[in-house]
Amino acid sequence: MTSGGCGASGTTTRVCVIGAGAWGTTLANLLAGSGADVRLWALEPDVASSIEDYGENTLFLQGVPLERTRLSATNSLPDALDGAEVVVWVCPVQHSAALLARAAAFIPPGAILVTASKGIEITTLRRMDEVFADVLPARQAERLCVLSGPSFAREVSAGAPTAVAVASRHPQARDRIQSLFQTRRFRVYTNPDVVGVELGGALKNVIAIAAGVAAGLELGNNAVAALMTRGLAEISRLGVSMGARAETFAGLAGMGDLVLTCTGGLSRNRTVGYRLGRGESMVEIMGGARTVAEGVATVMAVHKLARSLGVEMPVSAEVYRIVAEGADPMEALDRLMTREPKPEHPDIHLQQARR
């Protein structure tokens, strides 16, 4: 049993989910199944129509039956947000600022906002929590929650056991969202490290592209494991330099999401990398894409961040060369393998040298 859809007084929680892709639809269905009153905003009129008429998102989550009594869909932002106590944001990061500027006037002042979008803006290098802070009133922005972790939409929709993390600087908001989303098959852990949870969810997509390239080149499991491990090390370096806690990257939003996205067949970012490894170009891959692989944009943002902060990120740098500059994947591998030999944990060597 779970109190997911009920507020502190036992009343039904009214939730608005902005974004009706596979993940947004899955979260809306999860909350409606727990007893929340959910309105799902869809950009595409045919998506809203299919949900309303057939109880299914035929474009992005075909074959998954949706809750018919507590879940409704609309193309109207004012209608979707009217009276919402919780607003769950599940839109592509690169388009979120413009949409949030449109939606802000309709978000009720007391609503708690939750972002489940993973990425970094290319032009501004802002995380999603920074986007919200720049658009929303300070009182609302400080209660923002970030939901992240290893969670394929299809598996959550099928009831597969899943564990995620919710981060917020506001303890009461964090606990409220944990309670709202928690079910017998969807376990939610809390974390105060907003920066770390945001970055873990965004940066793992870059490493997933690298893992996909290795798989496409048929380099074997050793290579994929090495890329994941060294990828996590450079994610942690960048994260700590930006104020995140190192422990976060060993948790669900870091290692957990990294493992899933680098190895799971449902990973869009791994698929992009796999196709690159098989010899396709980015133009060919992106030309027929219907869903967004956030990692492609994040590659560009991470390249800028690493250079501006002076953080060494060799795996991410090679992914950038492949994605943005059309570099040959095997040559990128050679550059990684022939780098100057180094200690795995430089800090340990430095501490020993000081003794």
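The table that follows gives values for the structure above.
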item: Residue ID - surrounded by the fewest Cβ atoms within 10 Å (Cβ to Cβ), chosen from residues in the range 125-159 that are of a type in the set (D, E) and out of contact with any Asp or Glu (no Cβ under 8 Å at 6 or more places or on another chain); result: D134
item: Residue match in the range 168-180 (condition: charged (D, E, K, R), assigned by TED's automatic domain parsing to the domain that holds T115 and not in a helix (DSSP H, G or I)); result: yes
item: Which numbered condition A223 fails, given (1) under 19 Å from A317 (Cα atoms); (2) outside the structural domain of M330 (by TED's automatic domain parsing); (3) small (G, A, S); result: (2)
item: Selection status of R307, without any contact (Cβ under 8 Å) to a residue 60 or more places away in the chain, basic (K, R) and surrounded by fewer than 13 Cβ atoms within 10 Å (Cβ to Cβ); result: yes
item: Any hit, the range 214-228, residues being among the β-branched types (V, I, T) and out of contact with any Cys (no Cβ under 8 Å at 6 or more places or on another chain); result: no
item: From A293, A250, A306, residue being out of contact with any Ser or Thr (no Cβ under 7 Å at 6 or more places or on another chain), outside the structural domain of L43 (by TED's automatic domain parsing), among the hydrophobic types (A, V, I, L, M, F, W, C) and over 11 Å from A208 (Cβ atoms); result: A250
item: Criterion violated by R70 - all others in (1) of a type in the set (K, R); (2) in contact with a strand residue (DSSP E or B) (Cβ under 9 Å, 6 or more places away or on another chain); (3) within 24 Å of N205 (Cβ to Cβ) satisfied; result: (3)
item: Residue within the range 219-231 that is touching a strand residue (DSSP E or B) at 6+ places or on another chain (Cβ under 8 Å), of a type in the set (A, V, I, L, M) and part of a helix (DSSP H, G or I) present; result: no
item: Matching residues, the range 165-186, being within 25 Å of E56 (Cα to Cα) and in contact with a strand residue (DSSP E or B) (Cβ under 9 Å, 6 or more places away or on another chain); result: L180, F181, Q182, R185, F186
item: Matching residues in the range 14-40 - criterion: being without any contact (Cβ under 8 Å) to a residue 40 or more places away in the chain and buried (at least 22 other Cβ atoms within 10 Å of the Cβ); result: A32, V38
item: Complete set of residues in the range 114-123 that are more than 22 Å from Y189 (Cα to Cα) and either touching a residue at least 24 places away in the same chain (Cβ under 8 Å) or not assigned by TED's automatic domain parsing to the domain that holds A84 (or both); result: I120, E121, I122
item: Scope the range 122-142; condition under 22 Å from W41 (Cα atoms) and touching a Ser or Thr at 6+ places or on another chain (Cβ under 9 Å); matching residues; result: M128, D129, V131, F132
item: Residue ID - surrounded by the most Cβ atoms within 10 Å (Cβ to Cβ), chosen from residues in the range 160-180 that are free of Cβ contacts under 8 Å to residues at least 40 places away in the same chain and out of contact with any Phe, Trp or Tyr (no Cβ under 9 Å at 6 or more places or on another chain); result: S168
item: Residue in the range 233-244 that is over 16 Å from the mean Cα position of the chain (by Cα) and on the phi > 0 side of the Ramachandran plot present; result: yes
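The values are calculated or read from the model by the stated rules, or taken from the named source; none is laboratory data. If you're wondering where the values come from, they're calculated on a predicted model, not measured in any experiment. Using ideal geometry, Cβ is built from the backbone for each residue, glycine included, and neighbour counts are taken over all protein chains shown.
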